[in-house]
Structures are given as structure tokens and as C-alpha cells.
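Read the figures in this text as sums done on the coordinates, not as results from a lab. None of these values were measured; they are calculated from a predicted model. Here the Cβ positions follow ideal geometry from the backbone for every residue, glycine too, while neighbour counts run over all protein chains shown.
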Amino acid sequence: MEASRHLRTVSHQLQQRYLRLKRAILAGDVLLIAIGVAFLATVGMTLFGWPVAPLVLYGTIGGLALLVWLGLAWRVRIGPLPVLITADHKLGLQERLSTAYEYVEQQPHNPFVPSLAAEAEQAARRVEPRLVFPFRMPPRLWCVPLILMALVVLSQVDMTPFKFEDWGRAEVSEEVLTEGKRLERWGRQLETLAQQEKLDRSLMLARHIQDLGRRLQREEGQGGQASERINTLSQYLQRMQEELRERSLMSATGDMTVQEMLTSGKSVKQELQNILNMLRDDNLPKEMRQVAEQGVQRLSQVMQGSPELSELMQNLQAGNMAAARQLVQDLLSKQRAAEEMEHLDRARRALQYSSRALQRGGQNQPQDKTSPSDQPPQRAESGDGTGYDEQAMGEDMPGMEDFESPGLSGDFGFSSHGKSGDKQQLRESEQPASQVQVKSGEGKMRLSYVRHLPLQNEAKVSIEQAVVPYQRAAEEVLAQEQIPRSYREQIKQYFLAIGMTQPEAQ
Amino acid sequence: MADVDMNDNGNGHENVEVRVEALRQDFQRVRDEIAKVIVGHEEVVEGLLTCLLCDGHALLEGVPGLGKTLLVKSLGAALHLQFSRIQFTPDLMPADIIGTRVVLQDERERRYFEFQAGPVFSNIVLADEINRATPKTQSALLEAMQEQSVTVAGTEHRLERPFLVLATQNPLEMEGTYPLPEAQLDRFLLKLHVTYPSFAELSDIVDRTTQRQAPTPEPVLSSASILEAQQLVREVPLASHVRDYAVNLGLSTHPAGPHTSATIQRYVRYGCSPRGVQSLVLAAKVRAFLAGRPNVDLDDIRAMLVPCLRHRLILNFEGEAEGIESADLLRDLLQTMPGRSAGAARQPA
């Protein structure tokens, strides 16, 4: 008679029961993870517009989940002894099943084994696998139907693709938004140019303009408030121009001629830089000196009547290289200041344009409802007598059309202060009927200055070096609106007062 | 799986069952005979029988007057075994226990040495108040307890089996006593606490001892039966996971053990020796045997843990200073290691 038939049957049943439960719960876990992943992917598709077809996505997740489950389920193993021990413990069988199984297997000749096996057989008949391994739903698996329901609801709801950039824009009016975008774009263009030309002030201002553009897009506000902000920045720009003008007048004499292009194809600045490079050596060879003189002659053709060029030529011919080098450096710095002035002027026009556009926005609201990128802006009939081609303005920065950086693309240069080329017509002046070429600006200005050594016990740092950085920092803070409004005017007056006394002191 | 024929009448698995059952009944009769004299103390009697079946020794600890000596004498009387009693005193010498060589003279007046066996040459030795003798004398028992032999003047003398040393000691009177060294404590299979009787037990004791002549136990078990039972006990099946549980318990009595409790980590300097785990498993087998079960279960191990190991733990200074009982530490360890999950398959969850 086979003594351990029931014991073997029971151990097999217990093993099967254990494996079924383990694999079922494993399937539940894999399902939970798969549904979680599907839910997150659906959130991504719904809110952020991820370009994935739902069928492909769910099919992929389902297939992967199935593979993972098969792999894990295949690895689930259990021997007969652990399940019999569990049965002993659960049913209070005092280790009979497990001991009998082990001894019948390994030590069948033990004198106690027959009685032990007989008792185990009797106990095995009473063993119910469901009682040994009852099915208990793990609490975490209750999340499966909940996530499934949420997934179905989410996939049925039609939601507009969500963008973080849209946050906080609910209260921003359309025209402010448009102008904000436009200012940001212009700011980027100006920044690119300023970086190429290495113009610090223009770079800083370009970043201010971009920052203002972003703030207009992001923060609450109507046209009036936005216009006020633009005006604040415009005032800051104006002060920057004044400061620049004062500095260039203090450091050199002569008019501010910029962007001249020579017949050799080089710009004035490039020619000056070349001459300066040649003059680095005090003992300039004769051939090199002749080349430098030729360069000065080319410059003279463009900058007619420039006393600095005449003086430069004389020094070159006299062999006074140090004086010649100083003159070239002065001319170069003057040229750079003029370029900077041009950039700032362009920015000022951009700000004015935006401010005016915002002021007009209230009157032309029905026309401005659509985005400028969707619909070309119509020509505005402003009441100030100045017409703007808004399509052109929407694409390019105002002032960009009448200026090209030397060395960028143009074959010839021109002055923004009255000198025009073939294709360089000011758009602002394109619309009026008058075809008379005029010079705008303050005209030529001359200012002489006196250099002298500092007096004893006087400050070692010049007022120009001391005031300007502080003034610039104060203006930046004012422009960023970090100062309460009631203090701004006082700060502005303080620095203006210092700036006004500066020329007089000298 | 190998097949086992439960109707194998040839050599006698059935005979074994019969013999096992007969031995159980004999031991039950021994219990009954002792119960004629001793009221209560069932656990102590069970412990003494366990020692007898394990071929081990027992240390009985209790205050004077609880019947420790009477209990041991009653056990000796219930068995067909030689019984001797040694009263340990400070002036007791080792030769008084193991014997000595004496000079004798034959008919031709020639003198010669002859070994005179001491009281240790007996089946059951009652070492009464063992802690009153000096360590030198106590150690005279070491070889006898472990090797069951005595060496005198280079000659080894075997002790007759079964050999059982039952020692008593008084935990209160510490003046003029010599605590047993760890090496000797470790040789005792069990340390049994003789507790004060309950009201009903004390009433019964008073009635039995003051009204009429106290009955004396009748010898019911021979040495041959005891030796046979000792052999059978060692055959009681022990599942591997139950054995592992006992081993883990033994390891966990050490402060750096794998599943040790916080109290053991705090109060124990050194845990039980491997001999302690051997004693635990053997005592658990006896418990299953005497209970009529064909295998050892976890409860047997748990039940025998305290009497088997309580005298084998060496407390550290903090434990000694706070008066920590080793038995409490072991009970705490049992709480830490219930053993229900030993070797079992975890519920799928």
C-alpha cells in the first residue's frame, strides 16, 4: 500500500494553489503598473498634446505588460516542503505533514516513520488548500478599477492642449499680448546686433526690452499700464543716450559720423582698426607707413573735412606714431559711440511704436482681435499724422530697415543722420508726400575739453568713472520696477542733478 | 517520494510502536509513583524524566523545605536503579565523591592498593546543596557527568548506565557557598526551579505528612527499559525547519546573533554553547516522546528553551547589577522569534 499518497496529493494541490494565487496577484501588480503608465501617457496626450496614437500606445503597453508578466510568472517556483510547513502552521498539525514528507523522503527506515506517515495521511485528508492559502485581494489592487475609470473619463474628455506658457495669460488683453511678443522679438534682434558689435549699453537695453515684452505677455494689465511701462523704459533709454552723448563729447571732438562704407568695401571702423593695428609698432617700416597713409586718404574721401584725419596724416608723415595711434583710438571710440547711439535710437523708435500701437489698440480693438501671426495688421490711421506700415513693422523692428551693420550684409554704408543710400529710405518718412531729403537730429556739435592732472588730495577716481556705473545701476533698478513709485522720481532727479553739474565742473 | 509500508509486521515497525507505547506507560507509572509522595511539581518531575531519557543531568534550585531532596529520592525509589546521596559540605573532598585507593593486606601479609569506589558509582546521584562544596570538590563531578567515567591514579573506571546526577542548590543562602563554574553549569541538561506550592497543594502536603505514614514509591522501571527508551528518543523525527529554528534560537542567545532581542543585546555577555542547542533538541524530542507524538514540533522547542538554556547565559555587568533573570531574557527572545514563519511559504500578497 502506498502510504503517502494523500500527502503527495495534498502537497501537489497546495503547490498549485500557491502558484495560481501568486501568479494572479503578480498579474494584478503588472496590470496596476501598466494602467498607471497608460494613465500617465493619456494625461500627457490630453494635456500636452503628445503625438501618439492611443491604439498604438495602449497596445504597446499591453504587450509589454504581458511579456513582463509571463517572464515573472515563469520564474515563480515553490517546493512541496514550504507549502506543507504552511499547512502545518495554518491548520495546527504540529509539523506532522512536513516532518512526515521529509522523513519518508530521506529517512524511510526511521522506526517512527510508519506511525508518523499514518498520522500525516490522516491529517492530509482534512487539508483544504483554500484554507491554507486563502485568496486575499491586496489593497493596492483596488486602485486598478479606479485608475481604469479615470483613464476612460480622461480619454473621453476633449481638452485643449495645455501649455505652461499660457499660465497667467487669462487677464492679459490681446493688444498687450501682441505688443509684448513684438517687443520680445525686437529685443532679441537688437541683442544679436549688439553682441556682434560688442555694444554694452545696447545689449543691456535689448535685454530690458525682451524682459518687458515677456512681462507684458505674462502679467495682468491693460493697454494703459503697458504703455506706461514702455514709457518708463523709453525714459531710461533716453537717459542712456544723453549719457552716451556726453561721454563721447567729453572724450573727443568732432561730429558723430557712423557707418560709412569705403570704396575698398571696408567700413570706416574696419579701416580705422587696420590702421591702428599697423601703428602698434613705433618703428613703422616705410612700406607699412605708406599703406597706413593710403588708408587715411581713403577715410578722408568719406569723412571730408575731418580735422582729426588731417592731424593723423601729419603725424604719420612726421613719424609721430604715438600721437597717430592716440588719434586713431579716439576716432575708433567715437565711431563705436556713434554706432551705439544708432542702436539706442532704433530701440527708442521701437518702444515708441509699441507705445503708440497700444494707445491705438483701444480704438481699433475689433481689428486687433486676431493674432499678428495669423493675420497681417492693417495700416493704422493714427491721429498724430504719422503713418506706419504695420505689416512691415510686425516683421521687422522699426529702424532696422534703415540700418545695416557693417560687415553683416551690405556692400555700402550710410549714415542714419541724414545720409541715405539707394535702398535706404526711412519707412517713417516713406509715407509723407515730401521727397525732400532732410537731416534729422541735433546736427554737428563741437565741444572742447581740457585735460589736466588731478589736484592734490583730490579723488583718484574721476567723476565720470564713479557716477556712471552707479547711475546705470540705479536706472536698471528703476527699469525693473523694484523701487516704489514714490521714490523713483527722487532718485531720477538726484542722478540728473549730478549729471547736469558734471560738464559745468569741468 | 519513497514508499513506507505501514503494515510491515516483519521486523517490526509495529513492534517498535508497541514498545514505544509500553515505555510511555511505564513512564506514566513512574509519574504516578512519584505523585504518591510528591504533591504538585509536575513540571519538575517531567524535567527529571526528561533528563533520565536524555542521559543528562539536572540542577534543581529552590528554597529549603520545598521537597527537592524528597523528590529526587522518590524518583530513585520509583526506578530499579542504584541511588546514592552526597551531602556537599565545605570540607568535602573529591575522594569522598569519586573514591580512593586504600592499602590492604592479604593472607601472606603482603600489602597492596585497592580502589574503593565513591558514592558517584551509582545510577542516580543526589548532590545535595552542591554549591556548599569547594570548586575543587565540585569539579570532581565534571568527568563523571560528561564522560560517565572516573579516573583515579591513572586508571579509568566506567560508571554504570544510566547515570544521572541530580544536584540541588539554595538560591537564598549565599554565605559560605561557591557558585558553580560555567563549565559545570553547562553540563547540566536542565535547570529546574522548584517553586512554592499552591494553597491546594500545600493543604494536601500537610494532610499527607501529618495524618498517617507517608507512602513510599514502588520501583516500576528497570535500567534496561530506560536505556531502550534513551535510544528510541534519539530516533524521534525532527523536521529540518524545526531543527533550524532551534539552531537560530541558540544563535540568538548571543548579543550578536541573527535574530536576537534587544534585551539580550543589552544584558548578555555570552550566549549558550553548542551543548545548549544539543540539549534543547534532545529535550524537545523527549517531550514529544512522552506526549505520545511521533515527531517534534515547534512548541516542543519553545517549551524546552527556558529550562535548557537559562543556566547557560552569562550576563554582563549591567544584567547582573539590575538583577535580570536569564529566563526572562529567553521568554523575550521567544516573543521576538515566534517561529511561525520558519521555512513556510509566505501567503501570496
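Using a Förster distance of 35 Å, how high is the FRET efficiency between B:Val103 and B:Ser223, based on the Cβ-Cβ distance and rounded to 0.05? Provide the component values of the computation, followed by the final result.
Numbers: r = 33 Å, r/R0 = 0.96.
About 0.55, to the nearest 0.05.
For a quick protection proxy, order the peptides A:275-288, B:216-229, B:238-251 by their average other-Cβ count within 10 Å, most packed first. Working shown, then result.
Values: A:275-288: 13.6, B:216-229: 16.3, B:238-251: 20.8.
Ranked from most to least packed, the peptides come out as B:238-251, B:216-229, A:275-288.
Would you work out the charge dipole size for the range B:15-235 about its Cα centre, treating the Cβ of every Lys and Arg as +1 and the Cβ of every Asp and Glu as -1, and quote it to the nearest 20 debye? Don't jump to the answer; show the numbers that get you there.
Details: 21 positive and 32 negative charges, 72 e Å.
Approximately 340 debye in magnitude.
Nearest 10 degrees, 0 to 90: what angle lies between the long axis of helix B:274-290 and the longest principal axis of chain B (Cα atoms)?
80 degrees
If you average the sequence gap of Cα pairs under 8 Å that are 6 or more apart and divide by the length of chain B, what percent do you get for the contact order?
Values: 568 pairs, mean separation 68.7, N = 349.
Answer for chain B is 20 percent.
Between A:Gln196 and A:Val68, what is the label-to-label distance in nm when each label sits 7 Å out along the Cα-to-Cβ direction?
Here the modelled spin labels are 5.3 nm apart.
As I understand it, the dipole of the range B:15-235 uses +1 on the Cβ of Lys and Arg and -1 on the Cβ of Asp and Glu, about the Cα centre. Which of B:Thr151, B:Phe83, B:Gln105 lies farthest toward its positive end?
My answer, from the dipole projection, is B:Gln105.
Would you mind computing, in nm to one decimal, how far apart the modelled labels at B:Thr134 and A:Arg207 are, each placed 7 Å from Cα along Cα→Cβ?
Reported label-point gap for B:Thr134 and A:Arg207 is 9.8 nm.
Going by alpha carbons, how many degrees (0 to 90, nearest 10) lie between the helix axis of B:199-211 and the longest principal axis of chain B?
Long axis of B:199-211 versus the principal axis of chain B: about 30 degrees.
Let me spell out the model: positive unit charges on the Cβ of Lys and Arg, negative unit charges on the Cβ of Asp and Glu, origin at the Cα centre of the range A:121-160. What dipole size does that give, in debye rounded to 20? Don't jump to the answer; show the numbers that get you there.
Working: 5 positive and 3 negative charges, 58 e Å.
Taking the Cα centre of the range A:121-160 as origin, the dipole is about 280 debye.
Computed over the Cα atoms of chain B, what is the ratio Rg over Rh, Rh following Kirkwood? Provide the component values of the computation, followed by the final result.
Values: Rg = 22.2 Å, Rh = 22.1 Å.
We get a ratio of 1.01 for chain B.
Is any residue of the range A:119-153 close enough, with backbone N under 15 Å, to a label point placed 7 angstrom from the Cα of A:Ile33 along the Cα-Cβ axis, and if so, which?
From the range A:119-153, the list is A:141.
DSSP loop (so not H, G, I, E, B), at most 16 other Cβ within 10 Å: list which GluC sites (Glu not before Pro) in the range B:167-218 pass both filters. Write out the running numbers ahead of the final one.
Details: sites: B:Glu173, B:Glu175, B:Glu182, B:Glu201; in loops: B:Glu173, B:Glu175.
In loop regions of the range B:167-218 (DSSP not H, G, I, E or B), the sparsely surrounded GluC sites (Glu not before Pro) are B:Glu173, B:Glu175.
By how many degrees, 0 to 90 and rounded to 10, does the Cα axis of helix B:223-233 deviate from the longest principal axis of chain B?
The two axes meet at around 20 degrees.
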